[in-house]
Each structure stands twice: as C-alpha cells, then as structure tokens.
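S.K.: Got a structure for you, questions after.
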Amino acid sequence: MKKAIVTLIAGLFATAAFAQTPAAPAVHATAAASVPAKVEAAHTKAVVKADAKEAQAVVKADAKEAKAVVAAKTDVASAKAEASTTKAKAHHKAKKTKAKADEKLASATAEAAPAK
C-alpha cells in the first residue's frame, strides 16, 4: 500500500515538474536561446529522477523497518511464549519438590510419633 502511495506521489512530482517548464517564447527564438531551455529541461529531468530515486529509497527503508518491526513482534511473542512455558515448568517443579518435602516431613513425623 505504501509503495502505491509513494509511486503516486512521485508521479505527481514528476508531472508537476514537467508542467512548470517554460513555454516557448512567442518571439522567434534563435538557436542560442533554445540551449538554456534544453539545459533547463535536462535539469528538471535530473531533479525528477532524483526525487523518484529518493521516494524509492524511502519506500525501501519503510519496508525494511516494517519487516524489522514484524520480526521484532514475532520475537517478542516467541519470547513471551517461551517465558510462560518456563514459568509453568518452574511452578510445576517447585510444586513437586514441595510435595516431596511435605511427604518426607510427614513420614519423619510419623516415625517419630510412635517412638514416644
């Protein structure tokens, strides 16, 4: 979508630049007078070309940034999922260890109680 918008904007700049070229003088022009018009036309063409290249570079940079953002979001989501899995495993392991400790305490208490 951004590429299409940037292409349209670049096209508008190009048409605006060519639309503003000076009209041919009404008075008969000599060959020497047409040289500056050619130079100006070449200059305008170069400016339009530079604008188009800049717009293309901006589009590429935006696409690269968007791709990086998507990758970062994916990495964050992956890290969150991995963290929740690790937390669940740790919680399960701690619960299991506590149960074993409670079991040992109960058996030790049971052994100590009849000895009295």
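S.K.: What's the extension gain from Ala113 to Thr44 if we count 0.36 nm per residue and subtract their Cα-Cα distance?
M.R.: Result: 14.7 nm gained on full extension.
S.K.: On to the next question. Calculate, for Val76 and Ile5, the FRET efficiency according to 1/(1 + (r/R0)^6) with r their C-beta to C-beta distance and R0 35 Å; round to the nearest 0.05.
M.R.: 0.80
S.K.: Another question, if that's okay. What does the extension gain come out to for Thr86 and Lys67, with contour length at 0.36 nm per residue minus their alpha carbon separation?
M.R.: Between Thr86 and Lys67, full extension yields 4.0 nm more.
S.K.: Excluding ligands and nucleic acids, what accessible area in Å² is computed for His91 using a 1.4 Å probe, to the nearest 10?
M.R.: 130
The values are calculated or read from the model by the stated rules, or taken from the named source; none is laboratory data. Bear in mind the structure is a predicted one, so any value in this text is a computation, not a measurement. As a convention, Cβ positions derive from the backbone with ideal geometry for all residues, glycine included, and neighbour counts pool all protein chains shown. Areas reflect the complete protein model, heavy atoms only, side chains present, ligands, DNA and RNA absent. Shrake-Rupley method; radii C 1.70, N 1.55, O 1.52, S 1.80 Å.
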